[in-house]
Amino acid sequence: MAEKSNDIWIGFDLGGTKMLAIAYDDGWNALGRRRRKTRGRDGSDSGIARIGSTIERLIDENDLNGKRIRGIGIGCPGPIDLDKGRILTTPNLGWDDVDIEQFLHKKFDCPVVVLNDVDAGLYGEYQFGAATGSRCAVGIFPGTGVGGACVYEGTILQGAGVSCMEIGHTRISSGTRSSGYELPGTLEAEASRLSIAAEAAKAAFRGDAPALAKNVGTDLSDIRSGALADAIESGDKVVRRLVEEASESIGISVVNIIHLLCPDTIVLGGGMVEAMEELIVGTVAKTARKSVMSVYKDRFKVVAAKLGDDAGVKGAAAWARRKVGE
């Protein structure tokens, strides 16, 4: 009988508010996990040190010291320098030009693969979840911003040395609303949770969203996905319409993507979709089918991600395993 491999693959997802690390064996069984808060905009030096210590704790707490770490995959928000494994910018964390690959390689003496977090999430769904078997899958993940990704014939679609598919920064309306980026009318400006929450806060302040005002008030930082879902459940029609309008904007973006790539699967993910899956997925699908060219109407499906927080972690580990094996 062949000896069982002691190799492990570590996946890491760096989010705006949390970080999650999971260790896997060669059969993709989870050997342990470690979750911590990101601590907002503390700075990149303390941030990457926290990433390193999180992985160290994952290894120590699960007695993985005797096993060989074959590779670490880490999904990070924002554009990534793929050649150098560097985070170019993370608007929600305030990090710029962070050599995360060099730091982790030096600390753990193993290959490190850095990729965009939505790329990692969609690759996880392609390998293990909602997009399994797709020829072309596109992911749209609305949250604080709106992230995008594409897996085409088993490979993450990436630019020449840099990550791409920044769907959130494509213009989809003539509106003047901004998302902190110079170009107005982008998908992120129209459909991110932050944009929805800002409009919902105004409605609550005016008295048009009484449930939201009662439950969480008008503080933007408190109006998260669950609060929006609860307000809709409690009868706040204005909040429901805000989510529907954002979903219609995502649907228009899906139309553009279908006309460009003809993907067979559109995966919607993130906390907002998880909190209001039926409303968001249904509205996006309805809008896309109504507006797309007739020849494409029956050539795609719109689905919710299945893996939750594990998608980005498992996808990052799986992509690292693929790249290390090349």
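Would you say VAL303 is under 21 Å from ALA201 (Cα atoms) and either under 21 Å from the mean Cα position of the chain (by Cα) or in the same structural domain as GLU101 (by TED's automatic domain parsing) (or both)? Considered against the rule, which asks whether it is under 21 Å from ALA201 (Cα atoms) and either under 21 Å from the mean Cα position of the chain (by Cα) or in the same structural domain as GLU101 (by TED's automatic domain parsing) (or both), VAL303 comes out as no.
Set side by side, the residues GLY75, GLY94 differ, and just one is within 22 Å of the chain's Cα centre (by Cα), in contact (Cβ under 8 Å) with a residue 24 or more places away in the chain and under 23 Å from ALA160 (Cβ atoms), which is GLY75. Go through (1) modelled with pLDDT under 95; (2) within 30 Å of HIS259 (Cβ to Cβ); (3) of a type in the set (Phe, Trp, Tyr) and name the single condition TYR123 misses. Among (1) modelled with pLDDT under 95; (2) within 30 Å of HIS259 (Cβ to Cβ); (3) of a type in the set (Phe, Trp, Tyr), the lone unmet condition for TYR123 is (1).
Scanning the range 53-93 for residues that are surrounded by fewer than 16 Cβ atoms within 10 Å (Cβ to Cβ) and under 17 Å from HIS105 (Cβ atoms) gives SER53, GLU56, ARG68, ASP83, LYS84.
Of the helices (runs of 4 or more DSSP H) lying entirely inside the range 268-326, those containing at least 2 residues that are under 21 Å from TYR152 (Cβ atoms), of a type outside the set (Gly, Ala, Ser) and at pLDDT 95 or above are 310-325. Any chance the range 69-77 includes a residue that's over 22 Å from VAL146 (Cα atoms), aliphatic (A, V, I, L, M) and assigned to a loop (DSSP other than H, G, I, E, B)? No: zero hits. Quick check, is VAL113 under 26 Å from GLY85 (Cβ atoms), in contact (Cβ under 8 Å) with a residue 60 or more places away in the chain, of a type in the set (A, V, I, L, M, F, W, C) and in contact with a strand residue (DSSP E or B) (Cβ under 6 Å, 6 or more places away or on another chain)? Yes; evaluated as a whole, the condition is true for this residue.
Scoring GLU233 on the criteria (1) buried (at least 18 other Cβ atoms within 10 Å of the Cβ); (2) acidic (Asp, Glu); (3) over 22 Å from ALA288 (Cβ atoms) leaves a single failure, condition (1).
Just checking, does the range 9-23 include any residue being modelled with pLDDT under 95, of a type in the set (A, V, I, L, M) and part of a strand (DSSP E or B)? Checked the range 9-23: at least one residue is modelled with pLDDT under 95, of a type in the set (A, V, I, L, M) and part of a strand (DSSP E or B).
The values are calculated or read from the model by the stated rules, or taken from the named source; none is laboratory data. Predicted model only: the values in this text are computed from it and were never measured. When we count neighbours, we look across all protein chains shown, and the Cβ atoms used for this are built from the backbone with ideal geometry, even at glycine.
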